[in-house]
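What follows is a single structure, written as C-alpha coordinates, with notes after it.
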Amino acid sequence: MSGVLRIGALLLLWLLGSSAHAVLEIDITEGIEGALPIAIAAFTGEADNDSETIEEVVRNDLRRSGFFDVLESRYFPQGGNGASAMNYAAWRETGIESLLTGEIIRTGEDQYRIEFRLFDLVRQRRLSGHAISSVSRQDVRKVGHKISDIVYETLTGVRGAFSTQIAYISTTGEAANRKFELRVADADGHHARTIFSSSNQLMSPAWSPDGKRLAYVSFEKGNSAIYVQDVKEGRRFMVSAQPGINSAPAWSPDGRYLALTLSIDGSADIYLMDTRTRRLKRLTRDMSIDTEPCWMPDSKALLFTSDRSNETQVYRVSVRGGRAKRVTFEGRYNAAPDVSPDGRHITFVHNNGNGFRIAVMNLRTGDMRVLTPGRLDEGPSYAPNGKMIIYAASERRRGVLAAVSANGRAGQKLHTAGQDVRAPAWSPFRD
(Lines give C-alpha, C1' and ligand atoms only; values in the text may rest on other atoms or scores of the structure.)
Protein backbone atom coordinates (compact mmCIF):
# COMPACT_ATOMS: atom_id res chain seq x y z
CA MET A 1 0.00 0.00 0.00
CA SER A 2 1.38 3.44 -0.89
CA GLY A 3 2.20 6.00 1.80
CA VAL A 4 -0.69 8.21 0.72
CA LEU A 5 -3.18 5.36 0.93
CA ARG A 6 -1.87 4.18 4.28
CA ILE A 7 -2.01 7.60 5.90
CA GLY A 8 -5.50 7.91 4.47
CA ALA A 9 -6.46 4.67 6.18
CA LEU A 10 -5.17 5.88 9.52
CA LEU A 11 -7.07 9.17 9.16
CA LEU A 12 -10.24 7.71 7.63
CA LEU A 13 -12.44 8.41 10.63
CA TRP A 14 -11.53 12.08 10.46
CA LEU A 15 -13.00 12.37 7.00
CA LEU A 16 -16.41 10.83 7.54
CA GLY A 17 -18.43 13.88 8.61
CA SER A 18 -19.19 17.58 9.01
CA SER A 19 -20.72 19.83 11.99
CA ALA A 20 -21.87 23.12 13.86
CA HIS A 21 -24.27 25.04 16.26
CA ALA A 22 -24.01 25.88 19.91
CA VAL A 23 -24.99 23.82 22.95
CA LEU A 24 -24.09 20.22 23.64
CA GLU A 25 -26.86 18.61 25.67
CA ILE A 26 -26.04 15.71 27.97
CA ASP A 27 -27.95 12.46 27.55
CA ILE A 28 -26.96 9.86 30.12
CA THR A 29 -27.13 6.49 28.39
CA GLU A 30 -26.08 4.23 31.25
CA GLY A 31 -26.06 4.31 35.03
CA ILE A 32 -23.49 2.91 37.40
CA GLU A 33 -24.22 0.10 39.80
CA GLY A 34 -23.14 0.86 43.34
CA ALA A 35 -23.17 4.64 42.83
CA LEU A 36 -23.09 6.92 45.86
CA PRO A 37 -26.65 8.03 46.77
CA ILE A 38 -26.95 11.78 47.24
CA ALA A 39 -29.73 14.36 47.51
CA ILE A 40 -29.36 17.93 46.27
CA ALA A 41 -31.90 20.32 47.75
CA ALA A 42 -33.14 23.46 46.03
CA PHE A 43 -31.01 26.42 47.06
CA THR A 44 -33.10 28.89 49.02
CA GLY A 45 -33.12 32.60 48.23
CA GLU A 46 -33.59 34.57 45.02
CA ALA A 47 -31.48 34.84 41.88
CA ASP A 48 -33.95 36.66 39.62
CA ASN A 49 -35.48 33.45 38.24
CA ASP A 50 -32.49 32.15 36.32
CA SER A 51 -33.42 29.71 33.57
CA GLU A 52 -31.16 27.12 35.18
CA THR A 53 -30.59 26.94 38.91
CA ILE A 54 -27.33 26.15 40.64
CA GLU A 55 -28.68 22.91 42.05
CA GLU A 56 -29.69 21.77 38.55
CA VAL A 57 -26.13 22.27 37.32
CA VAL A 58 -24.76 20.30 40.28
CA ARG A 59 -27.35 17.55 39.82
CA ASN A 60 -26.48 17.11 36.15
CA ASP A 61 -22.73 17.19 36.84
CA LEU A 62 -22.87 14.48 39.49
CA ARG A 63 -25.28 12.32 37.50
CA ARG A 64 -23.18 12.22 34.40
CA SER A 65 -20.00 11.45 36.34
CA GLY A 66 -21.41 7.97 36.85
CA PHE A 67 -20.32 7.92 40.49
CA PHE A 68 -23.52 9.31 42.02
CA ASP A 69 -27.15 8.24 42.21
CA VAL A 70 -28.95 11.58 42.58
CA LEU A 71 -32.31 11.35 44.35
CA GLU A 72 -35.20 13.07 42.60
CA SER A 73 -36.57 15.95 44.71
CA ARG A 74 -40.09 14.47 44.74
CA TYR A 75 -38.78 11.71 46.99
CA PHE A 76 -37.35 14.09 49.61
CA PRO A 77 -38.80 13.61 53.12
CA GLN A 78 -40.99 16.48 54.29
CA GLY A 79 -39.09 18.81 56.60
CA GLY A 80 -35.82 17.02 55.92
CA ASN A 81 -33.67 20.15 55.70
CA GLY A 82 -35.18 22.85 57.83
CA ALA A 83 -33.80 26.36 57.87
CA SER A 84 -32.57 26.15 61.46
CA ALA A 85 -31.33 22.58 61.83
CA MET A 86 -30.80 19.41 59.84
CA ASN A 87 -33.50 16.78 60.48
CA TYR A 88 -31.41 13.61 60.20
CA ALA A 89 -34.27 11.43 61.41
CA ALA A 90 -36.42 12.44 58.45
CA TRP A 91 -33.75 11.18 56.02
CA ARG A 92 -33.08 7.87 57.78
CA GLU A 93 -35.58 5.84 55.75
CA THR A 94 -34.51 7.15 52.33
CA GLY A 95 -31.19 5.30 52.16
CA ILE A 96 -29.52 8.53 51.03
CA GLU A 97 -26.02 8.97 52.44
CA SER A 98 -25.25 12.60 51.56
CA LEU A 99 -27.21 15.84 51.24
CA LEU A 100 -26.22 19.15 49.67
CA THR A 101 -28.09 22.30 50.69
CA GLY A 102 -27.48 25.93 49.84
CA GLU A 103 -28.61 29.49 50.10
CA ILE A 104 -28.48 32.42 47.65
CA ILE A 105 -28.07 35.80 49.36
CA ARG A 106 -28.40 39.04 47.41
CA THR A 107 -25.58 41.44 48.30
CA GLY A 108 -26.15 44.12 45.63
CA GLU A 109 -27.51 44.71 42.16
CA ASP A 110 -26.87 41.46 40.27
CA GLN A 111 -24.51 40.41 43.04
CA TYR A 112 -24.99 37.34 45.24
CA ARG A 113 -23.28 35.30 47.90
CA ILE A 114 -23.69 31.53 47.56
CA GLU A 115 -23.44 29.43 50.70
CA PHE A 116 -23.63 25.64 50.60
CA ARG A 117 -23.20 22.74 52.99
CA LEU A 118 -22.61 19.02 52.48
CA PHE A 119 -23.98 16.63 55.12
CA ASP A 120 -23.17 13.02 55.92
CA LEU A 121 -26.64 11.65 56.72
CA VAL A 122 -25.33 8.31 58.00
CA ARG A 123 -22.88 9.73 60.54
CA GLN A 124 -25.13 12.75 61.11
CA ARG A 125 -22.51 15.43 60.66
CA ARG A 126 -21.60 18.23 58.30
CA LEU A 127 -18.78 17.30 55.96
CA SER A 128 -18.04 20.73 54.54
CA GLY A 129 -19.40 24.25 54.23
CA HIS A 130 -18.32 26.97 51.84
CA ALA A 131 -19.31 30.44 50.66
CA ILE A 132 -18.68 32.06 47.28
CA SER A 133 -19.03 35.84 47.10
CA SER A 134 -19.45 38.34 44.25
CA VAL A 135 -21.48 36.01 42.06
CA SER A 136 -23.53 37.45 39.18
CA ARG A 137 -26.42 35.78 37.35
CA GLN A 138 -24.17 34.89 34.43
CA ASP A 139 -21.89 32.97 36.81
CA VAL A 140 -24.57 30.42 37.76
CA ARG A 141 -23.13 27.56 35.73
CA LYS A 142 -19.56 28.39 36.73
CA VAL A 143 -20.47 28.34 40.42
CA GLY A 144 -22.47 25.14 39.97
CA HIS A 145 -19.44 23.39 38.44
CA LYS A 146 -17.25 24.62 41.28
CA ILE A 147 -19.67 23.23 43.86
CA SER A 148 -19.77 19.94 41.95
CA ASP A 149 -15.97 19.76 42.08
CA ILE A 150 -15.99 20.27 45.86
CA VAL A 151 -18.71 17.67 46.43
CA TYR A 152 -17.00 15.16 44.14
CA GLU A 153 -13.63 15.53 45.83
CA THR A 154 -15.09 15.47 49.34
CA LEU A 155 -16.97 12.23 48.74
CA THR A 156 -14.53 10.38 46.44
CA GLY A 157 -11.14 11.77 47.38
CA VAL A 158 -10.50 12.58 43.69
CA ARG A 159 -10.34 16.09 42.29
CA GLY A 160 -13.45 16.97 40.29
CA ALA A 161 -13.13 17.96 36.63
CA PHE A 162 -16.49 19.71 36.11
CA SER A 163 -14.89 23.17 35.84
CA THR A 164 -12.61 22.12 32.99
CA GLN A 165 -13.22 22.52 29.25
CA ILE A 166 -13.30 20.50 26.06
CA ALA A 167 -12.15 21.41 22.56
CA TYR A 168 -13.46 19.83 19.37
CA ILE A 169 -13.86 20.31 15.64
CA SER A 170 -17.32 21.13 14.27
CA THR A 171 -18.35 21.13 10.61
CA THR A 172 -21.34 22.69 8.86
CA GLY A 173 -22.55 22.88 5.30
CA GLU A 174 -21.98 20.70 2.28
CA ALA A 175 -19.27 20.57 -0.37
CA ALA A 176 -18.23 24.10 -1.46
CA ASN A 177 -20.09 25.69 1.45
CA ARG A 178 -18.50 23.52 4.13
CA LYS A 179 -17.17 25.34 7.18
CA PHE A 180 -14.87 23.95 9.85
CA GLU A 181 -14.75 25.41 13.36
CA LEU A 182 -12.43 24.86 16.29
CA ARG A 183 -14.67 25.20 19.33
CA VAL A 184 -14.17 25.29 23.08
CA ALA A 185 -16.93 24.50 25.59
CA ASP A 186 -17.40 23.77 29.27
CA ALA A 187 -16.94 20.12 30.17
CA ASP A 188 -20.73 19.66 30.05
CA GLY A 189 -20.92 21.20 26.55
CA HIS A 190 -22.41 24.55 27.51
CA HIS A 191 -20.92 27.96 26.71
CA ALA A 192 -19.47 26.69 23.43
CA ARG A 193 -17.63 29.28 21.40
CA THR A 194 -15.69 29.25 18.17
CA ILE A 195 -12.05 30.29 18.43
CA PHE A 196 -11.18 29.71 14.77
CA SER A 197 -13.13 28.91 11.61
CA SER A 198 -12.06 28.01 8.08
CA SER A 199 -13.45 26.76 4.80
CA ASN A 200 -10.61 24.21 4.86
CA GLN A 201 -10.28 21.21 7.09
CA LEU A 202 -9.18 21.53 10.73
CA MET A 203 -7.88 18.58 12.73
CA SER A 204 -6.23 17.34 15.93
CA PRO A 205 -6.75 20.02 18.62
CA ALA A 206 -4.35 19.57 21.53
CA TRP A 207 -4.30 21.57 24.78
CA SER A 208 -1.11 23.05 26.18
CA PRO A 209 -0.45 21.86 29.76
CA ASP A 210 -1.39 25.27 31.17
CA GLY A 211 -4.77 25.16 29.36
CA LYS A 212 -4.14 28.53 27.69
CA ARG A 213 -3.31 27.43 24.12
CA LEU A 214 -4.41 24.93 21.53
CA ALA A 215 -2.26 23.39 18.83
CA TYR A 216 -4.11 22.07 15.78
CA VAL A 217 -3.80 21.21 12.10
CA SER A 218 -5.18 23.49 9.40
CA PHE A 219 -5.29 23.06 5.61
CA GLU A 220 -6.03 26.75 4.93
CA LYS A 221 -2.94 27.16 2.75
CA GLY A 222 -3.58 23.99 0.75
CA ASN A 223 -1.13 21.70 2.54
CA SER A 224 -1.39 20.70 6.18
CA ALA A 225 0.22 23.06 8.68
CA ILE A 226 0.30 23.19 12.46
CA TYR A 227 -0.80 26.30 14.34
CA VAL A 228 -0.81 27.33 17.99
CA GLN A 229 -3.57 29.64 19.19
CA ASP A 230 -4.21 31.49 22.44
CA VAL A 231 -7.66 30.34 23.57
CA LYS A 232 -8.61 33.56 25.36
CA GLU A 233 -7.03 36.22 23.16
CA GLY A 234 -7.30 34.45 19.79
CA ARG A 235 -3.74 35.16 18.69
CA ARG A 236 -2.37 32.37 16.48
CA PHE A 237 0.85 31.55 14.70
CA MET A 238 2.15 28.78 12.49
CA VAL A 239 4.75 26.44 13.98
CA SER A 240 5.20 23.89 11.20
CA ALA A 241 4.53 23.94 7.46
CA GLN A 242 7.07 21.44 6.22
CA PRO A 243 6.68 19.88 2.76
CA GLY A 244 4.38 16.87 3.00
CA ILE A 245 2.57 15.87 6.19
CA ASN A 246 2.31 18.15 9.23
CA SER A 247 0.05 16.36 11.66
CA ALA A 248 -1.00 15.27 15.17
CA PRO A 249 0.58 17.85 17.52
CA ALA A 250 0.99 16.86 21.18
CA TRP A 251 2.41 19.04 23.96
CA SER A 252 5.04 17.78 26.37
CA PRO A 253 3.95 17.89 30.03
CA ASP A 254 6.15 20.94 30.65
CA GLY A 255 4.97 22.75 27.50
CA ARG A 256 8.50 23.03 26.10
CA TYR A 257 8.08 20.63 23.18
CA LEU A 258 5.54 19.62 20.58
CA ALA A 259 5.58 16.07 19.26
CA LEU A 260 4.57 16.08 15.60
CA THR A 261 4.14 13.78 12.64
CA LEU A 262 6.20 15.04 9.69
CA SER A 263 7.20 13.49 6.37
CA ILE A 264 10.09 15.76 5.42
CA ASP A 265 12.36 12.76 4.88
CA GLY A 266 9.83 10.76 2.87
CA SER A 267 8.11 8.60 5.47
CA ALA A 268 5.75 9.83 8.17
CA ASP A 269 7.75 9.87 11.41
CA ILE A 270 7.53 11.30 14.93
CA TYR A 271 9.54 14.46 15.57
CA LEU A 272 10.04 16.71 18.57
CA MET A 273 9.95 20.47 18.10
CA ASP A 274 11.43 22.84 20.66
CA THR A 275 8.71 25.50 20.86
CA ARG A 276 11.29 28.19 21.70
CA THR A 277 13.83 27.55 18.96
CA ARG A 278 11.69 25.54 16.44
CA ARG A 279 14.53 23.03 16.22
CA LEU A 280 13.45 19.52 15.22
CA LYS A 281 14.58 16.16 16.51
CA ARG A 282 13.55 13.00 14.69
CA LEU A 283 12.50 10.18 17.03
CA THR A 284 11.39 7.38 14.70
CA ARG A 285 12.98 6.13 11.50
CA ASP A 286 10.84 3.65 9.67
CA MET A 287 9.27 3.41 6.22
CA SER A 288 5.91 2.78 7.86
CA ILE A 289 3.50 5.50 9.01
CA ASP A 290 4.20 6.71 12.55
CA THR A 291 1.59 9.16 13.81
CA GLU A 292 -0.68 10.25 16.71
CA PRO A 293 2.01 10.75 19.38
CA CYS A 294 1.13 11.26 23.04
CA TRP A 295 3.44 11.86 25.97
CA MET A 296 3.95 9.74 29.03
CA PRO A 297 3.42 11.89 32.16
CA ASP A 298 7.11 11.61 33.13
CA SER A 299 8.15 13.13 29.75
CA LYS A 300 10.62 10.30 29.19
CA ALA A 301 8.75 8.52 26.40
CA LEU A 302 5.95 8.84 23.89
CA LEU A 303 3.33 6.46 22.61
CA PHE A 304 2.31 6.58 18.95
CA THR A 305 0.37 4.74 16.26
CA SER A 306 2.26 2.78 13.59
CA ASP A 307 1.54 0.19 10.90
CA ARG A 308 5.12 -1.12 10.93
CA SER A 309 3.97 -4.64 11.92
CA ASN A 310 1.57 -4.78 8.92
CA GLU A 311 -1.14 -4.01 11.48
CA THR A 312 -2.03 -0.69 13.09
CA GLN A 313 -0.73 -0.85 16.66
CA VAL A 314 0.49 1.36 19.50
CA TYR A 315 4.24 1.66 20.10
CA ARG A 316 6.47 3.37 22.63
CA VAL A 317 9.68 5.29 21.97
CA SER A 318 12.09 7.12 24.27
CA VAL A 319 12.47 10.89 23.89
CA ARG A 320 16.13 10.09 23.19
CA GLY A 321 15.06 8.10 20.15
CA GLY A 322 16.13 4.54 19.48
CA ARG A 323 14.16 1.39 18.85
CA ALA A 324 10.40 1.59 19.31
CA LYS A 325 8.70 -1.10 21.40
CA ARG A 326 5.26 -2.46 20.60
CA VAL A 327 2.68 -1.87 23.35
CA THR A 328 -0.63 -3.32 22.08
CA PHE A 329 -1.09 -6.89 20.84
CA GLU A 330 -4.76 -7.78 21.25
CA GLY A 331 -6.72 -7.16 18.06
CA ARG A 332 -5.56 -6.21 14.60
CA TYR A 333 -6.14 -2.45 14.98
CA ASN A 334 -5.20 -0.25 17.96
CA ALA A 335 -4.66 3.47 17.38
CA ALA A 336 -4.91 7.05 18.69
CA PRO A 337 -3.56 6.42 22.22
CA ASP A 338 -3.99 8.75 25.18
CA VAL A 339 -2.32 8.16 28.54
CA SER A 340 -4.10 8.45 31.88
CA PRO A 341 -2.78 11.27 34.12
CA ASP A 342 -1.17 8.74 36.49
CA GLY A 343 0.58 6.96 33.62
CA ARG A 344 -0.88 3.57 34.52
CA HIS A 345 -3.38 3.11 31.70
CA ILE A 346 -3.90 4.09 28.10
CA THR A 347 -7.07 4.50 26.10
CA PHE A 348 -7.18 3.95 22.34
CA VAL A 349 -9.35 2.97 19.39
CA HIS A 350 -9.60 -0.82 19.14
CA ASN A 351 -10.91 -3.03 16.33
CA ASN A 352 -10.88 -6.80 16.35
CA GLY A 353 -13.25 -7.20 13.43
CA ASN A 354 -16.42 -5.92 15.07
CA GLY A 355 -16.08 -2.16 14.72
CA PHE A 356 -13.95 0.69 16.03
CA ARG A 357 -14.45 0.98 19.79
CA ILE A 358 -12.80 2.72 22.72
CA ALA A 359 -10.66 0.49 24.93
CA VAL A 360 -8.37 0.89 27.94
CA MET A 361 -5.30 -1.12 28.84
CA ASN A 362 -3.23 -1.47 31.98
CA LEU A 363 0.33 -0.69 30.88
CA ARG A 364 1.87 -2.91 33.54
CA THR A 365 -0.22 -6.04 33.05
CA GLY A 366 -1.39 -5.60 29.47
CA ASP A 367 -4.98 -6.32 30.51
CA MET A 368 -7.37 -4.66 28.05
CA ARG A 369 -11.06 -3.80 28.31
CA VAL A 370 -13.40 -2.50 25.60
CA LEU A 371 -15.55 0.33 26.99
CA THR A 372 -17.93 1.33 24.19
CA PRO A 373 -20.41 -0.52 21.95
CA GLY A 374 -20.04 1.72 18.89
CA ARG A 375 -19.00 0.90 15.34
CA LEU A 376 -17.07 4.09 14.48
CA ASP A 377 -15.74 5.47 17.77
CA GLU A 378 -12.58 7.58 17.62
CA GLY A 379 -10.31 10.09 19.31
CA PRO A 380 -10.42 9.17 23.03
CA SER A 381 -9.17 11.79 25.50
CA TYR A 382 -8.85 11.41 29.28
CA ALA A 383 -10.36 13.90 31.72
CA PRO A 384 -7.59 15.51 33.78
CA ASN A 385 -8.57 13.43 36.82
CA GLY A 386 -8.45 10.21 34.76
CA LYS A 387 -12.01 9.19 35.67
CA MET A 388 -13.78 9.86 32.36
CA ILE A 389 -12.88 9.55 28.69
CA ILE A 390 -14.42 11.73 25.98
CA TYR A 391 -14.52 10.46 22.41
CA ALA A 392 -16.30 10.92 19.08
CA ALA A 393 -18.96 8.45 17.97
CA SER A 394 -21.08 8.14 14.83
CA GLU A 395 -24.85 8.57 14.92
CA ARG A 396 -27.09 8.87 11.85
CA ARG A 397 -24.08 9.60 9.63
CA ARG A 398 -22.80 12.43 11.74
CA GLY A 399 -20.24 12.71 14.49
CA VAL A 400 -21.39 13.17 18.08
CA LEU A 401 -19.40 13.51 21.27
CA ALA A 402 -19.74 10.92 23.99
CA ALA A 403 -18.05 10.09 27.27
CA VAL A 404 -17.54 6.93 29.27
CA SER A 405 -16.19 6.35 32.76
CA ALA A 406 -12.68 4.94 32.74
CA ASN A 407 -13.96 1.76 34.37
CA GLY A 408 -16.61 1.37 31.66
CA ARG A 409 -19.59 1.34 34.03
CA ALA A 410 -21.23 4.62 32.97
CA GLY A 411 -21.69 6.33 29.62
CA GLN A 412 -23.20 9.49 28.19
CA LYS A 413 -23.72 11.16 24.84
CA LEU A 414 -23.37 14.89 24.22
CA HIS A 415 -25.99 15.74 21.61
CA THR A 416 -25.20 18.69 19.43
CA ALA A 417 -28.44 19.98 17.87
CA GLY A 418 -27.60 18.96 14.33
CA GLN A 419 -23.84 19.44 14.58
CA ASP A 420 -21.32 17.02 13.17
CA VAL A 421 -18.43 17.04 15.62
CA ARG A 422 -15.25 15.07 16.21
CA ALA A 423 -11.69 15.20 17.56
CA PRO A 424 -12.49 16.02 21.20
CA ALA A 425 -9.71 16.97 23.60
CA TRP A 426 -10.26 17.39 27.34
CA SER A 427 -8.42 20.34 28.86
CA PRO A 428 -6.01 20.08 31.79
CA PHE A 429 -6.81 21.51 35.21
CA ARG A 430 -6.25 25.24 35.56
CA ASP A 431 -5.45 26.41 39.08
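The values are calculated or read from the model by the stated rules, or taken from the named source; none is laboratory data. Given the structure is predicted, the values throughout are model-derived calculations rather than measurements. Quick reminder, even Gly has a Cβ in these numbers, built from the backbone with ideal geometry, and neighbours come from all protein chains shown. Keep in mind that these areas ignore ligands, DNA and RNA; they rest on the heavy atoms of the full protein, side chains included. Shrake-Rupley method; radii C 1.70, N 1.55, O 1.52, S 1.80 Å.
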Among (i) 167; (ii) 189; (iii) 154, the entry that matches volume of the Cα convex hull per residue in Å³ as calculated here: (iii)
Percent of alpha-carbon pairs separated by more than 24 Å within region 170-303: 31
Placed amide H near Val421: partners under 5 Å, 5+ positions off or other chain: Gly399, Val400
Debye, to nearest 20: dipole size of region 36-156, +1 on Lys, Arg Cβ, -1 on Asp, Glu Cβ: 340
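I'd like the Kirkwood hydrodynamic radius of region 36-156, using the inverse of the mean 1/r over distinct C-alpha pairs, in Å.
14.6
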Region 165-426, accessible surface, carbon-and-sulfur percent (1.4 angstrom probe): 44
Diffusion constant of region 161-208 at 37 °C, which comes from Stokes-Einstein with the Kirkwood Cα-pair radius and 0.692 mPa s, µm²/s: 287
Descending Cα extents along the principal axes, region 306-431, whole Å: 47, 41, 25
Dipole magnitude (debye, nearest 20) for the chain, charges at Cβ of Lys, Arg, Asp, Glu: 1520
From phi via Karplus (6.51, -1.76, 1.60), per-residue ³J(HN,Hα) for region 339-346 in Hz, x at Gly/Pro: 9, 5, x, 8, x, 8, 10, 10
Region 122-129 - phi-based ³J(HN,Hα) in whole Hz, Karplus 6.51/-1.76/1.60, Gly and Pro as x: 6, 8, 6, 8, 8, 7, 7, x
Two-site label geometry, Arg126 and Met287: point separation in nm, points 7 Å out along Cα→Cβ: 7.2
Solvent exposure of region 93-148 as accessible area per residue, Å², 1.4 Å probe: 53
Accessible area of region 165-426 divided out per residue, in Å², using a probe of 1.4 angstrom: 41
Principal-axis tilt of helix 54-65 within the chain, Cα atoms, nearest 10 degrees: 50
Under the Karplus curve 6.51 cos²θ - 1.76 cosθ + 1.60, θ = phi - 60°, whole-Hz ³J(HN,Hα) for region 242-255, x wherever Gly or Pro sits: 5, x, x, 7, 10, 8, 6, x, 8, 6, 6, x, 9, x
Accessible carbon and sulfur surface of region 36-156 relative to its total accessible area, %, 1.4 Å: 42
Relative contact order (%) - criterion: Cα under 8 Å, at least six apart; region: the chain: 15
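Using a 10 Å cut-off on Cβ atoms, rank the peptides 419-428, 371-380 from the highest mean neighbour count down.
Working: 419-428: 24.4, 371-380: 21.0.
Top to bottom by mean Cβ count within 10 Å: 419-428, 371-380.
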Lysine pairs with alpha-carbon atoms under 21 Å apart, the chain, spacing 8 or more or separate chains: 12
